[in-house]
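Structure first, commentary second.
The values are calculated or read from the model by the stated rules, or taken from the named source; none is laboratory data. Predicted model, so just to flag it, every value in this text is computed and none were measured. Glycine also receives a Cβ, built like all others from the backbone with ideal geometry; neighbour counts cover every protein chain displayed.
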Amino acid sequence: MGKDKKIFVCQDCGFSSVKWLGRCPECGGWDSLKEFSSSSKAQGNEFFVEQVLSLSEISTGYKDQRISTDMEEFDRVLGGGIVPGSMVLLGGEPGIGKSTLLLQVLSRLSKKGHKVLYASGEESANQIKLRAERLGADGGVLLLCQPEFEVISKEVKEIRPQVLAVDSIQTLYCKETNSLPGSMTQVKASAASVMQLAKGLEMAVFIIGHVTKEGSIAGPRALEHLVDTVLYFEGDRTQAFRILRTVKNRFGPTHEVGIFEMKDRGLSQVKNPSNLFMEHRNVLVAGSAIFPCIEGTRPFLVEIQALVNQSYLALPRRTTAGVDSNRLALLTAVLEKILGIELFDKDIFVNVAGGFKISEPAGDLPLISSIFSSYLDRPIANATAIFGEVGLTGEIRPVSNTEPRIKEAMRMGMKRCILPKGASINMKTGDFVTIPVAHVEQIPNLLFSS
Ligand code: TYD
Ligand code: MG
């Protein structure tokens, strides 16, 4: 063979062909096939070996070597600190606070005496300096405004940082990969090069990746299999509250969350999220229900608000924030059918206070309760927490994590909790009253104080 073979690779989807095509048959992109020579070597990995090893012979030592950032919410999602040599992908929508978070983390690490490098192809040194000043981030962070992998690699080999942050994978490019920054080919090739560099030097790397709401953009999703850990930074840009979620972790549990609040001086950790969501609450107003939810492994209380009002439209409004609108439609139908109330001529607005999004079915019962309470214009009895999944026939099904939810409700000064019948509770609840319910038809008798 030996001959330098030419292939054409689609810049958007990675489709390859031996001849040039004007339109990619895979993704339909026009003029997206670019020429490559097959002699450009495949990305190898320095940690690949040729002999067979027994698992017991291999020592990792990862546990004791972890680098703590002293930022509890951040350490937790990584499974207890940064693992040297690991590669972490930090995904999230543009503007959610990814650069801010990493700059704060690096600054903390540099204050602890670690050598850290922030390589940015997104912003100028001035812009980063301005942000760092605003965050009170220390001068110890080394900065390299550079999107080219080859330059970053050269500096890294010289400086030998313990932690490197690359902002972002969409701007990073390898010169030897003939493809535009941000294209699928480039994203994959440059991520693989960074990976190789990191493993060789035992350096931990954080790579920022922008993800749109649909997650369709070339990049982060395609890298999930390559990296050790995938974190997603989520939240509503118009609200202060942010969740950092572990989606994948080779060095710790997934489903962990870190909770932050975006303030004018950067992100601050939220150690007690219940306080955040409950602080502006008006007690004893109709349409407000308290839901002890679970995010990752953490319970906290959120307030679900509903407003049910006479509609003057042919098609009444159903507006939701933080709750799935299909779920609302389903639960409204259950309410009409089981409790016999008329909602067809009512506008229904539902909101979860503080910009939180409810994704658990355990939020069904508090949602139904808040709508019913607003419909009757009667406040739910004071200090009542409510959770449970509601089925189509109005039955209330048990959900997971009963005890952590009750504990959090008790800790936050709730006096009683309406919960699914059959939930196992093996804890002392003292004066706290648990009210098991099996069906939505029992709700009117239990919701309000007499
Ligand atoms: P940024 O970290 O640039 O987002 P990303 O890197 O994910 O694109 O954060 C940008 C937003 O954060 C911007 O809209 C302003 C806001 N912000 C604050 O509210 N306070 C701050 O101290 C900083 C630095 C940013
Ligand atoms: Mg950024």
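Pairs please, first residue from region 255-281 and among the basic types (Lys, Arg), second anywhere and within 16 Å of ligand 2 (Cβ to nearest atom) and at pLDDT 90 or above, Cβ atoms under 9 Å, 6+ apart in sequence or on different chains.
Note: pairs meeting the criteria are Arg265/Arg134; Arg265/Leu135.
Among the residues of region 145-162, is there at least one that is in a strand (DSSP E or B), of a type outside the set (Val, Ile, Thr), free of Cβ contacts under 8 Å to residues at least 40 places away in the same chain and in contact with a helix residue (DSSP H, G or I) (Cβ under 6 Å, 6 or more places away or on another chain)? Write out each step before concluding.
Applying the first criterion (in a strand (DSSP E or B)) to region 145-162 yields 145, 148.
Next, from what is left, pick out any that are of a type outside the set (Val, Ile, Thr): 145, 148.
Right, trim to free of Cβ contacts under 8 Å to residues at least 40 places away in the same chain and you get 145, 148.
Then keep just the ones that are in contact with a helix residue (DSSP H, G or I) (Cβ under 6 Å, 6 or more places away or on another chain); that gives 145.
Looking for residues that are in a strand (DSSP E or B), of a type outside the set (Val, Ile, Thr), free of Cβ contacts under 8 Å to residues at least 40 places away in the same chain and in contact with a helix residue (DSSP H, G or I) (Cβ under 6 Å, 6 or more places away or on another chain), one finds at least one in region 145-162, hence yes.
Please tell me if Leu172 is under 22 Å from Met87 (Cα atoms) and within 16 Å of ligand 1 (Cβ to nearest atom).
Answer is yes for this residue.
Out of Lys63, Lys34, I need the residue that is more than 16 Å from ligand 2 (Cβ to nearest atom), of a type outside the set (A, V, I, L, M, F, W, C), closer than 29 Å to Glu295 by Cβ and at pLDDT below 80. Which one?
Exactly one of Lys63, Lys34 is more than 16 Å from ligand 2 (Cβ to nearest atom), of a type outside the set (A, V, I, L, M, F, W, C), closer than 29 Å to Glu295 by Cβ and at pLDDT below 80, namely Lys63.
Give the residue, chosen from Lys175, Lys154, Lys188, that is basic (Lys, Arg) and within 25 Å of Ser110 (Cα to Cα).
On the way: Lys175 fails: within 25 Å of Ser110 (Cα to Cα); Lys188 fails: within 25 Å of Ser110 (Cα to Cα).
Of the residues listed, the single one that is basic (Lys, Arg) and within 25 Å of Ser110 (Cα to Cα) is Lys154.
Would you point out which residue out of Gln239, Gln269 is within 13 Å of ligand 1 (Cβ to nearest atom) and closer than 21 Å to Leu135 by Cβ? Before the answer, list the steps.
Values: Gln269 fails: within 13 Å of ligand 1 (Cβ to nearest atom).
Criteria check complete, one pass: Gln239.
Considering only residues that are surrounded by 13 or more Cβ atoms within 10 Å (Cβ to Cβ) and more than 22 Å from Gln442 (Cα to Cα), which ones fall in region 336-351? So that I can check it myself, show each step before the final result.
First pass over region 336-351, keeping only residues surrounded by 13 or more Cβ atoms within 10 Å (Cβ to Cβ): 336-339, 341, 343, 346-351.
Lys346, Asp347, Ile348, Phe349, Val350, Asn351, listed by residue number.
State the number of residues belonging to region 73-131 that are in a helix (DSSP H, G or I), surrounded by fewer than 17 Cβ atoms within 10 Å (Cβ to Cβ) and within 16 Å of ligand 2 (Cβ to nearest atom).
Final tally of qualifying residues: 6.
Considering Ile386, Ile425, Ile380, which residue is surrounded by fewer than 16 Cβ atoms within 10 Å (Cβ to Cβ) and either touching a Leu at 6+ places or on another chain (Cβ under 9 Å) or modelled with pLDDT under 95 (or both)?
Ile425
Across region 71-113, which residue is nearest to ligand 1 (Cβ to nearest atom) among those that are in contact with a helix residue (DSSP H, G or I) (Cβ under 8 Å, 6 or more places away or on another chain), among the aliphatic types (A, V, I, L, M) and closer than 22 Å to Val187 by Cβ?
Result: Leu101.
Here is a check on your reading of the model: is Val116 modelled with pLDDT of 95 or more, more than 14 Å from ligand 1 (Cβ to nearest atom) and in contact with a helix residue (DSSP H, G or I) (Cβ under 7 Å, 6 or more places away or on another chain)?
Yes.
For region 203-217, name all the residues that are at pLDDT 90 or above and away from ligand 1 (no atom under 16 Å from the Cβ).
Passing the criteria: Met203, Ala204, Val205.
Go through region 265-303 and give me each residue that's among the acidic types (Asp, Glu) and either in contact with a Lys or Arg (Cβ under 8 Å, 6 or more places away or on another chain) or surrounded by 13 or more Cβ atoms within 10 Å (Cβ to Cβ) (or both).
Glu295, Glu303
Residues Leu331, Leu339, Leu367, Leu313: which one is under 21 Å from Asn382 (Cβ atoms) and assigned by TED's automatic domain parsing to the domain that holds Glu441?
Leu367
Scan the strands (runs of 3 or more DSSP E) fully inside region 174-270 and keep the ones with 2 or more residues being out of contact with any Phe, Trp or Tyr (no Cβ under 9 Å at 6 or more places or on another chain). Break it down into steps so the answer makes sense when it comes.
Details: elements: 204-210, 229-235, 241-249, 257-263, 266-269.
By residue number, 204-210, 229-235, 241-249, 257-263.
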